[in-house]
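What follows is a single structure, written as structure tokens, with notes after it.
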Amino acid sequence: MKLNVYLSGEIHTDWRDIIAQQIKDKGLDIALSAPNTDHASSDDCGARILGDEPSAFWKDHKASKINALRTRKLISDADVVVVRFGDKYKQWNAAFDAGYAAALGKSLIVIHSADLTHPLKEVDAAALATCETPEQVVSILEYVTLPS
């Protein structure tokens with residue numbers, strides 16, 4: 001069974017690389033997609049494509065809408081959405097992606113450390129699995145793709 005998996009959330013660690021490498025090592029039939037994880041490129045896409053803005057608000061507004069085109073398409077096409085919440089920053093975009101995926105009825109897996117359990121309790125309640133490591137995510141995906 002081929003799965004399309006969207007990897008959303010925190011962009012400051014190598015969790016996506018760990019998942020991708022383990023999927024490759026296990027020979028799983030899984031296609032991965034993700035948001036633009038180059039922070040500067042993501043922040044500047046609106047100004048680069050549509051022109052500069054004098055206000056930071058409008059610069060961010062343009063970029064967020066263009067990034068949303070990508071995010072909505074990839075989440076819509078995904079069979080499973082994995083959302084990682086890191087410890088360093090408040091990832092409002094990750095929470096939004098989790099909510100959007102849940103609203104679309106997508107299978108949702110959440111990754112975060114145990115100390116974020118309380119602040120993310122509503123997100124966890126929408127998830128089909130809540131993990132603490134990328135390895136746990138891969139184990140779930142491996143189980144889901146077992147031949148029937």
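The values are calculated or read from the model by the stated rules, or taken from the named source; none is laboratory data. Everything quoted here is computed from the prediction, not taken from an experiment. Glycine also receives a Cβ, built like all others from the backbone with ideal geometry; neighbour counts cover every protein chain displayed. For the accessible areas, the whole protein counts, side chains as well, though only heavy atoms, and no ligand, DNA or RNA atoms are used. Shrake-Rupley method; radii C 1.70, N 1.55, O 1.52, S 1.80 Å.
The charge dipole of the chain, taken about its Cα centre with unit charges on the Cβ atoms of Lys, Arg (+1), Asp and Glu (-1) only, comes to about 440 debye. Name all residues of region 73-111 having a backbone nitrogen under 12 Å from the label point set 7 Å from the Cα of SER139 along its Cα→Cβ direction, giving them as ranges. Those under the cut-off are none; the list is empty.
For LYS26, a cut-off of 18 angstrom between C-alpha atoms picks up these lysines, skipping any fewer than 8 places away in its own chain: LYS2. Considering only ALA78, ALA47, ALA127, the mean-square fluctuation computed in a Gaussian network model of the chain, springs between alpha carbons under 10 angstrom, is largest for ALA47. Helices assigned as whole DSSP H runs in the chain whose Cα atoms extend at least 20 Å along their own long axis and whose mean Kyte-Doolittle hydropathy is -0.5 or higher are not found. Within the accessible area of the chain, the carbon and sulfur atoms contribute 55%, probe 1.4 Å, all protein chains present.
Over all other residues within a Cβ to Cβ distance under 12 Å of LYS26, the charged ones net out to -3, with Lys and Arg as +1 and Asp and Glu as -1.
May I ask you to derive the relative contact order of the chain, considering only C-alpha pairs under 8 Å and at least 6 residues apart, and to give it as an integer percent? Walk me through the numbers before you get to the answer.
Details: 209 pairs, mean separation 41.5, N = 148.
Result for the chain is 28 percent.
Computed over protein heavy atoms with a 1.4 Å probe, the accessible surface of region 1-91 works out to 59 Å² per residue. Sorting 21-29, 98-106, 79-87 by their mean Cβ neighbour count within 10 Å, with the most densely packed peptide first, gives 79-87, 98-106, 21-29. Hey, what number do you get for the chain at 222 nm if only DSSP H runs of n ≥ 4 count, each worth -39500 (n - 2.57), divided across all residues, to the nearest 500? Computed ellipticity for the chain at 222 nm equals -16000 deg cm²/dmol. Equivalent ellipsoid of region 10-147: semi-axes from √(5λ) of the C-alpha gyration tensor, largest first, are 28, 17, 14 Å. Which aspartates and glutamates, on any chain, are close to LYS90 with Cα under 12 Å apart, when same-chain ones fewer than 8 places away are left out? Reachable aspartates and glutamates: GLU10.
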